[in-house]
Amino acid sequence: MPNTLATRLWPAATGSTGGKILMVLAGTALLTLSAKVQFPFWPVPMTMQTFVVLLIGVAYGARLGGATVLAYLAQGAVGLPVFAAGGGLAYLMGPTAGYLIGFLAAAVLVGLLAERGLCRTRLGTLATFLAGTAVIFALGAGWLAVLFGPEVALASGVLPFLLSEAFKIALAVALVPLAWTLGRS
């Protein structure tokens, strides 16, 4: 079993199939909530969805984190209203599709890095969250570039979100190493 925050903080849950199922359901519920709640921010409102995606990877590791995000995407694909403005297959083919697929890739990457101990320090957490965010932006903006061109992708799919992503990364740098410290006690 990988050494993750979840195995450190909730060993009973991570050691059983039922516990893992509950963790996946809790993760998909948190992702849904994070997609729906918006905070006033400049230049665009901020959701905590990318933060939660990366936090799931850090806390659950690559396999369980990836399974959680995959379950979230599957819930949305079958029409459950888990995405920011609903659900359905159109989301997995529309302008936000690259970001949604990026969530899965980022959760797995961040989970792998966390399993290797990278998120136990502020610097390691910074590097991990920067890598995960870069994957989300690369896939999201890449898909937007295919649909609308690279200028539009950069102007509407990356630049407006840089400040809010910096805030979320700073929050992770403050909280994740603290969680590891609490897990040792």
Checklist entry - When the chain is treated as a GNM, springs tying every alpha-carbon pair under 10 Å, which of VAL108, VAL158, VAL82 comes out with the largest mean-square fluctuation? => result VAL158
Item to check | Positive-end residue of TYR60, VAL24, PRO2, charge dipole of the chain with Cβ unit charges | outcome: PRO2
Item to check | Choice from THR50, THR121, THR28 showing the highest fluctuation, given a GNM over the chain with Cα pairs closer than 10 Å | outcome: THR121
Checklist entry - How much length, in nm to one decimal, is gained on full extension between THR181 and ALA90, taken as 0.36 nm per residue of separation minus their Cα-Cα distance? => result 28.5 nm
Item to check | For the range 52-185, size of Cβ-based charge dipole, Lys and Arg +1, Asp and Glu -1, in debye | outcome: 460 debye
Checklist entry - How many percent of the accessible area of the range 140-185 is carbon or sulfur, using a 1.4 Å probe? => result 79 percent
Next on the checklist: Connecting C-alpha atoms closer than 10 Å in a GNM of the chain, tell me which of ALA170, ALA85, ALA145 has the biggest fluctuation.
Outcome noted: ALA85
Checklist outcome for this item: For the chain, the per residue accessible area (1.4 Å probe, Å²) is 48 Å²
Item to check | Computed lengthening from ALA166 to ALA134, 0.36 nm per intervening residue step minus Cα-Cα distance | outcome: 10.3 nm
Checklist entry - In the range 1-91, what percent of the accessible surface is made up of carbon and sulfur (1.4 Å probe, ligands and nucleic acids excluded)? => result 74 percent
Item to check | Distance from the range 13-73 to the range 156-185 (C-alpha centre basis), Å | outcome: 14 Å
Checklist entry - Under a plain spin-label model, where a point goes 7 Å from the Cα along Cα-to-Cβ, how far apart in nm are PHE148 and VAL78? => result 3.2 nm
Checklist outcome for this item: Given backbone amide H placed at 1.01 Å from N, residues whose amide H is under 5 Å from that of MET46, ignoring those fewer than 5 places away on the same chain, are PHE39, PHE41
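The values are calculated or read from the model by the stated rules, or taken from the named source; none is laboratory data. Given the structure is predicted, the values throughout are model-derived calculations rather than measurements. So basically every Cβ, Gly included, is an ideal-geometry build from the backbone, and we count neighbours across all protein chains shown. Remember, those area values only see protein heavy atoms, side chains included, never the ligands or the DNA or RNA. Shrake-Rupley method; radii C 1.70, N 1.55, O 1.52, S 1.80 Å.
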